[in-house]
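**Q** One structure, pasted below without further comment.
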Amino acid sequence: MAEGAMSGFLTNIGTFFTQAIDWLGEVLATVSASPELTIMVLAMPIVGFAVGLLGRLIRL
C-alpha cells in the first residue's frame, strides 16, 4: 500500500515539474520576443545589482 502511495506521489511531482518547465519555456519565449520585456527582465536587475554594489563599495 505504501508503494502505491509513493508511486502516485512521485508521479504527481514529475507532472508538476514537467508543467513548470513548459511554463518557463512559454515565459522565456514571450520575454525574448519583446525587447521591452527583455530589458525589464535582464537589464534592470543587472543595473540594480551594479548600483547596490557601488553603494556598498562607497560606504567602505
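The values are calculated or read from the model by the stated rules, or taken from the named source; none is laboratory data. Worth saying up front: this structure is predicted, and the values here are computed from it rather than measured. We place every Cβ from the backbone using ideal geometry, glycine too, and count neighbours over all the protein chains shown. Areas reflect the complete protein model, heavy atoms only, side chains present, ligands, DNA and RNA absent. Shrake-Rupley method; radii C 1.70, N 1.55, O 1.52, S 1.80 Å.
**Q** Using only helices, what value at 222 nm comes out for the chain when you add -39,500 (n - 2.57) per DSSP H run of length 4 or more and divide by the total residues, to the nearest 500 deg cm²/dmol?
**A** -29000 deg cm²/dmol
**Q** Here's another thing I want to ask about it. For the chain, what is the largest minus smallest coordinate of the Cα atoms on each principal axis, given in angstrom and ordered from greatest to least?
**A** Result for the chain: principal-axis Cα extents of 62, 36, 7 Å.
**Q** Pairing the Cα long axis of helix 44-59 with the longest principal axis of the chain, what angle in degrees results, from 0 to 90 and rounded to the nearest 10?
**A** 60
**Q** Rolling a 1.4 Å sphere over the protein heavy atoms, what is the accessible area per residue of the chain, to the nearest Å²? Before the final figure, lay out each step's value.
**A** Working: 5360 Å² over 60 residues.
The answer is 89 Å² per residue.
**Q** Quick one: angle between helix 2-33 and the longest Cα principal axis of the chain, in degrees between 0 and 90, rounded to 10, please.
**A** In the chain, helix 2-33 runs at an angle near 30 degrees to the longest axis.
**Q** Rounded to a whole number, what % of the accessible area of the chain do carbon and sulfur atoms account for, probe 1.4 Å? Don't jump to the answer; show the numbers that get you there.
**A** Working: 4060 of 5360 Å².
Roughly 76 percent, rounded to a whole number.
**Q** Hey, for a label at Ile58 modelled as a point 7 Å past Cα toward Cβ, could you say which residues of the stretch 11-52 have their backbone N under 11 Å away?
**A** Residues 51-52 qualify, since their backbone N sits under 11 Å from the label point.
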